[in-house]
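Chemist: Just passing along the structure, written as structure tokens.
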Amino acid sequence: MALTEQEILAGIGKIINEITGIPASEVSPEKSFVDDLDIDSLSMVEIAVAAQDEFGVEIPDEQLKNLKTVKDVINFIQN
Amino acid sequence: MNTDQVRVVVTGLGATTPLGGDVASSWSALLAGQSGVRNLTEDWVDSVPVKFAATAAVDPTEVLPRPEARRLDRAEQFALVAAREAWAHAAIEKVDPERLGVVVGSGIGGITTVLAAYDTFKERGWQRLSPFTVPMLMPNGPAGWIGIELGARAGVHATVSACATGAESIGYGIEMIRSGRADVVVAGGTEAAIHPLNIGSFAAMRAMSTRNDAPQLASRPWDKSRDGFVLGEGAGIVVLESEEHARARGAKVYAVAAGVGYSADAHHIAQPDPTGAGIVLAMRRALENSGLTGADIKHINAHSTSTPAGDVVETLAINEVIGDHPLVTSTKSMTGHLLGGAGGIESVFTILALHERIAPATTNIEELDEGVAVEIVRDKPRALPDGQIAAINNSFGFGGHDVAVAFTSV
């Protein structure tokens, strides 16, 4: 059963909060991980692994590089 | 002699120890003669012959934000907690980043990270390793994190000399300022090594006390029935500053970091040289480097760890170099032995002893070993004299490292 965008966003917000301390409420789809949320590449690896556990979708390294915004991750998980 | 050298002063203190989560609580517990030793309750305790340790009074994960704590080894957590306290205490509003340095080491590094990460690796594969595993396990991690936080660009260093690490770091910090490389240096030691592998390994050396029926009486330097050291954890950090820099900003000065003496036993990888020649040399060099004489030294925070082999020889060396007049204490009787953190917290205690003119006691001595050749402060703290006085913090480490750091009152 596919998750809605809202459900995925909530899950990503929880993961980002756990890893970086950024409030989940600040994690909105248009936010850039690097420019807006100030998340470094090591933390992105942690987020990708946690997202894999949460959503059962593997994010390969070569794809991770292309995921610039929260919306990019949502789309990747949905598709 | 150092008369033409830059004078270095201490303007900030930070510590998190088995006695308290900061300097004030650690120091008052120390003067009250409290013990930081606790029974271990972890499920692995049945697998090791030592069932107690001097665990940190305040768990650093209770103080640090969770996202920060999860990417730090416990030794890094202790170091950051203590460095933040020391930095806030020094209240330096402005320093040229290129003139600010860090020297913080640990004896063992991020060993709990190494072992936990290896379990993760074996059970779940490399993909599940934290991307922070390497910065957590590297022994220069604590120095690196502090340097990043403070923006220190004069140089960030991590000296490693087992149980002499903290004192060696402070000595190196003094030298950074004296040689003109920095105006301010944050220096000290940290350790987080309470793990069954370490306890088992030290026990395999027969180095640890196994007084399981009375853990708080186990660390008893110079007592006739001492049977080994008690493992402790935590960090002690000082802010060192050139006197000129400190005076220009009207800083409160706690002591002068007068000088340091280093030597090496070149005798045995883990046993002290029974002649004490290395200790004698280190203390002699500390006096020369500080422009002090033995008569100036009124207090010594000794290395003595409660092991049968090491304690008495240190007192013989003190007697030979300094005399039998200083009030000698081992605060390890209350804090346990913090390994690489020992020189850090014990320098903090030495500075406070000068500043407040009081020498903490050595607890747990029931019968003084007859070989002890100096005056040991027992049972209750003793007052130190007025006027210009000096003190030494001794720290020695496996590998044969001997370090003596000298401080004078202001």
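Chemist: The conditions are (1) within 14 Å of chain A (Cβ to nearest Cβ); (2) surrounded by fewer than 19 Cβ atoms within 10 Å (Cβ to Cβ), and B:Tyr118 fails exactly one of them. Which is it?
Modeler: (1)
Chemist: Within the stretch B:128-138, can you find the residues that are within 19 Å of B:Gly109 (Cα to Cα) and either more than 9 Å from chain A (Cβ to nearest Cβ) or more than 26 Å from the chain's Cα centre (by Cα) (or both)?
Modeler: B:Leu129, B:Ser130, B:Pro131, B:Phe132, B:Thr133, B:Val134, B:Met136, B:Leu137, B:Met138
Chemist: Would a scan of the stretch B:159-171 turn up a residue that is under 17 Å from B:Leu338 (Cα atoms) and surrounded by fewer than 24 Cβ atoms within 10 Å (Cβ to Cβ)?
Modeler: Yes, the stretch B:159-171 contains at least one residue that is under 17 Å from B:Leu338 (Cα atoms) and surrounded by fewer than 24 Cβ atoms within 10 Å (Cβ to Cβ).
Chemist: Considering each of B:Ala361, B:Ala404, B:Ala373, B:Ala390 in turn, give the residue that is in contact with a Leu (Cβ under 6 Å, 6 or more places away or on another chain), crowded, with 23+ Cβ neighbours inside 10 Å and not hydroxyl-bearing (Ser, Thr, Tyr).
Modeler: B:Ala390
Here is a yes/no grid of residues against (1) under 21 Å from B:Ser395 (Cβ atoms); (2) within 14 Å of chain A (Cβ to nearest Cβ); (3) of a type in the set (Lys, Arg):
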{"site": "B:Val58", "(1), (2), (3)": "no, no, no"}
{"site": "B:Ala69", "(1), (2), (3)": "no, yes, no"}
{"site": "B:Leu80", "(1), (2), (3)": "no, no, no"}
{"site": "B:Arg84", "(1), (2), (3)": "no, no, yes"}
{"site": "B:Trp87", "(1), (2), (3)": "no, no, no"}
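Chemist: Separate question: Given (1) touching a residue at least 60 places away in the same chain (Cβ under 8 Å); (2) part of a loop (DSSP other than H, G, I, E, B), where does B:Asp213 come up short, assuming only one miss?
Modeler: (1)
Chemist: Another one. Looking at A:Val34, A:Val70, which is the one that is surrounded by fewer than 16 Cβ atoms within 10 Å (Cβ to Cβ) and of a type in the set (A, V, I, L, M, F, W, C)?
Modeler: A:Val34
Condition check ((1) of a type in the set (A, V, I, L, M); (2) under 18 Å from B:Ala192 (Cα atoms); (3) touching a Phe, Trp or Tyr at 6+ places or on another chain (Cβ under 8 Å)) across all residues:
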position	(1), (2), (3)
B:Ile148	yes, no, no
B:Ser161	no, yes, no
B:Thr165	no, yes, no
B:Tyr172	no, no, no
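Chemist: Oh, and also: So is B:Gly21 at pLDDT 95 or above, touching a helix residue (DSSP H, G or I) at 6+ places or on another chain (Cβ under 6 Å) and either surrounded by fewer than 16 Cβ atoms within 10 Å (Cβ to Cβ) or under 28 Å from B:Lys380 (Cα atoms) (or both) or not?
Modeler: no
Chemist: Looking at A:Ile77, A:Ile47, which is the one that is within 10 Å of the chain's Cα centre (by Cα), crowded, with 16+ Cβ neighbours inside 10 Å, in a helix (DSSP H, G or I) and more than 14 Å from chain B (Cβ to nearest Cβ)?
Modeler: Selected residue: A:Ile77, the only one of A:Ile77, A:Ile47 that is within 10 Å of the chain's Cα centre (by Cα), crowded, with 16+ Cβ neighbours inside 10 Å, in a helix (DSSP H, G or I) and more than 14 Å from chain B (Cβ to nearest Cβ).
Chemist: Look at B:Ile194 and say whether it is of a type outside the set (Gly, Ala, Ser), in a loop (DSSP other than H, G, I, E, B), modelled with pLDDT of 95 or more and closer than 30 Å to B:Val102 by Cβ.
Modeler: In short, yes.
Chemist: Cβ contacts < 8 Å: first residue aromatic (Phe, Trp, Tyr), restricted to the stretch B:170-195; second residue buried (at least 24 other Cβ atoms within 10 Å of the Cβ) and in a strand (DSSP E or B), any location; separation 6+ or different chain. Result?
Modeler: Hits for this filter: B:Tyr172/B:Val103; B:Tyr172/B:Ala187.
Chemist: Checking the conditions here, which among B:Phe396, B:Phe407 is under 14 Å from B:Glu314 (Cα atoms), of a type in the set (Phe, Trp, Tyr) and either out of contact with any strand residue (DSSP E or B) (no Cβ under 9 Å at 6 or more places or on another chain) or at pLDDT 95 or above (or both)?
Modeler: Step by step, each of B:Phe396, B:Phe407 is checked, and only B:Phe396 is under 14 Å from B:Glu314 (Cα atoms), of a type in the set (Phe, Trp, Tyr) and either out of contact with any strand residue (DSSP E or B) (no Cβ under 9 Å at 6 or more places or on another chain) or at pLDDT 95 or above (or both).
Chemist: Let me ask something else about it. Can you work out which of the residues in the stretch B:103-127 that are assigned to a helix (DSSP H, G or I) and within 19 Å of A:Ala48 (Cβ to Cβ) is nearest to the chain's Cα centre (by Cα)?
Modeler: Out of the qualifying residues, it is B:Ala117.
Chemist: Residues that are over 30 Å from B:Ser219 (Cα atoms) and outside any strand (DSSP E or B): does the stretch B:70-78 have at least one?
Modeler: Checking the stretch B:70-78: at least one residue is over 30 Å from B:Ser219 (Cα atoms) and outside any strand (DSSP E or B).
Chemist: Also, quick follow-up: So, in the stretch A:1-44, exactly how many residues are β-branched (Val, Ile, Thr), part of a helix (DSSP H, G or I) and more than 14 Å from every other protein chain (Cβ to nearest Cβ)?
Modeler: Total satisfying the criteria: 2.
Chemist: OK, next. Do we find that A:Asp40 is under 21 Å from B:Ser130 (Cβ atoms), loosely packed, with under 15 Cβ neighbours inside 10 Å, without any contact (Cβ under 8 Å) to a residue 24 or more places away in the chain and not hydroxyl-bearing (Ser, Thr, Tyr) in this structure?
Modeler: Judged against the criteria, A:Asp40 is a match.
Chemist: Within the stretch B:289-297, can one find any residue that is surrounded by fewer than 19 Cβ atoms within 10 Å (Cβ to Cβ), within 30 Å of B:Thr55 (Cβ to Cβ), modelled with pLDDT of 95 or more and of a type in the set (A, V, I, L, M)?
Modeler: No: the stretch B:289-297 contains no residue that is surrounded by fewer than 19 Cβ atoms within 10 Å (Cβ to Cβ), within 30 Å of B:Thr55 (Cβ to Cβ), modelled with pLDDT of 95 or more and of a type in the set (A, V, I, L, M).
Chemist: What's the number of the condition B:Ala317 fails, among (1) over 18 Å from B:Ala270 (Cβ atoms); (2) under 12 Å from the mean Cα position of the chain (by Cα)?
Modeler: (2)
Chemist: Going through B:Gly107, B:Gly141, B:Gly125 one at a time, which residue ends up being within 29 Å of B:Ala207 (Cβ to Cβ), within 14 Å of chain A (Cβ to nearest Cβ) and among the small types (Gly, Ala, Ser)?
Modeler: Within the list B:Gly107, B:Gly141, B:Gly125, the selection yields B:Gly141.
The values are calculated or read from the model by the stated rules, or taken from the named source; none is laboratory data. As the structure is a computational prediction, the values presented were derived from the model and not from experiment. No Cβ is skipped: glycine too gets one built from the backbone with ideal geometry, and neighbour counts run over all protein chains shown.
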